[in-house]
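The structure under discussion appears below in the form of structure tokens.
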Amino acid sequence: MKKKSLVDRLKQAYENGKKPFAYIIIFSVFILEVLSNLAIVDSDMAGKIEQTLLVTLSIMMLEVLFQIYEKVVAKKTSLKRIGPNALYDEVLPLIKNSKDVDIKYIGAAGRHGWTPVLAKLLDKNTPDSLHDVHSFHIKMALISPTFYENNKDELTKIDALLPIINDIERVRTQLGVQYPNDERRQFDLDYYDYMPNFTGFLINDNYLFLNMCFWQDADDKTLMFRGGGTDYLIYDMNDEFGGAYYIERFQGWFKYIQQKNQARAEQA
């Protein structure tokens, strides 16, 4: 695995040590006050050290208050919209500090969800690999190869489906070898047999990256199917833009896909 840069390591050390450092400061101020009262330490010197420590503590508390403000108090004024190339950078902060990661992904061919996002997270050689978390469960759903073959004329934009499926199965096989019978490392792939009306990611059942599929006029006056290569709207469960509503519907479609796959497996 690639080593993190010095700056990244210092940031991580600061975040990990911030809480115990605050306790040390408070304890030090208390000790200095006691020693000063006992005339063991010069009172003027103790006072200056205490002021320095308290200023440091105040700065740390101010940073925490700003973080609380940004996460809880500050209200969004608009719904965030991103392009497909920004998916990884937006998804990563949502899972970076999670011990247990759950990702549901509904894609068409998976071109913008697999290689630039999920394959990257499952690569042990990346600094933010999911191999380092306590557990992960990735659940993917893509158009079935059979449905694609029967609708090739309308699905010209998802011609990468079969190579992507092959790559996904390669990674799933590797994970099975690396983590045999390990319920903390799961990667499922299901298929659906319908023309999708949306694609997207659901992160830890709280954050939804929703991409609406649509039909677009082509140069030859036919209609061309467009999916994951267009913009995504970002919702969260507690936002003011209907996040809980859209998350519930995404979860409903995902359960439908899983049930259909389970029924097919039972009939086979």
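Across region 158-184, the qualifying residues are those that are buried (at least 17 other Cβ atoms within 10 Å of the Cβ) and either over 22 Å from the mean Cα position of the chain (by Cα) or of a type in the set (Val, Ile, Thr) (or both), and the one among them that is farthest from ARG226 (Cα to Cα) is VAL171. Scanning region 125-150 for residues that are of a type in the set (Ser, Thr, Tyr) and either over 19 Å from LEU202 (Cα atoms) or touching a helix residue (DSSP H, G or I) at 6+ places or on another chain (Cβ under 9 Å) (or both) turns up THR126, SER129, SER144, THR146, TYR148. If a residue must be exposed (fewer than 13 other Cβ atoms within 10 Å of the Cβ) and of a type outside the set (Gly, Ala, Ser), how many such residues does region 206-231 contain? The total comes to 9. In region 48-59, the residues that are within 15 Å of PRO20 (Cα to Cα) reach residues that are surrounded by 11 or more Cβ atoms within 10 Å (Cβ to Cβ) with C-beta atoms within less than 6 angstrom, at least six apart or across chains, in these pairs: LEU53/ILE25; LEU53/SER28; LEU53/VAL29; LEU57/ILE25.
Among the residues of region 83-97, count how many are among the hydrophobic types (A, V, I, L, M, F, W, C) and out of contact with any strand residue (DSSP E or B) (no Cβ under 7 Å at 6 or more places or on another chain).
Here is the first cut: in region 83-97, the residues among the hydrophobic types (A, V, I, L, M, F, W, C) are 86-87, 91-92, 94-95.
Going one step further and asking which of them are out of contact with any strand residue (DSSP E or B) (no Cβ under 7 Å at 6 or more places or on another chain), we end up with 86, 92.
Final tally of qualifying residues: 2.
Condition check for GLN216 on (1) at pLDDT 95 or above; (2) over 19 Å from PRO145 (Cα atoms): one failure, at (1). Criterion applied to LEU189, LEU210, LEU233 was being within 17 Å of SER78 (Cα to Cα), out of contact with any Phe, Trp or Tyr (no Cβ under 7 Å at 6 or more places or on another chain) and not in a helix (DSSP H, G or I), and the one residue passing it is LEU233. Within the option set ASP128, ASP89, ASP132, being of a type in the set (Asp, Glu) and closer than 28 Å to GLY252 by Cα holds for one residue only, ASP89. Examine region 98-118 for a residue that is surrounded by 15 or more Cβ atoms within 10 Å (Cβ to Cβ), over 20 Å from GLY83 (Cβ atoms) and out of contact with any strand residue (DSSP E or B) (no Cβ under 6 Å at 6 or more places or on another chain), and state whether such a residue exists. Yes: one or more hits. If you check TYR148 against the conditions, is it buried (at least 18 other Cβ atoms within 10 Å of the Cβ), free of Cβ contacts under 8 Å to residues at least 40 places away in the same chain and farther than 22 Å from ASP89 by Cβ? Against the criterion (buried (at least 18 other Cβ atoms within 10 Å of the Cβ), free of Cβ contacts under 8 Å to residues at least 40 places away in the same chain and farther than 22 Å from ASP89 by Cβ), TYR148 qualifies.
The values are calculated or read from the model by the stated rules, or taken from the named source; none is laboratory data. As the structure is a prediction and not an experimental result, all values here were calculated from the model. Please note: Cβ atoms are built from the backbone with ideal geometry, for glycine as well, and neighbour counts cover all protein chains shown.
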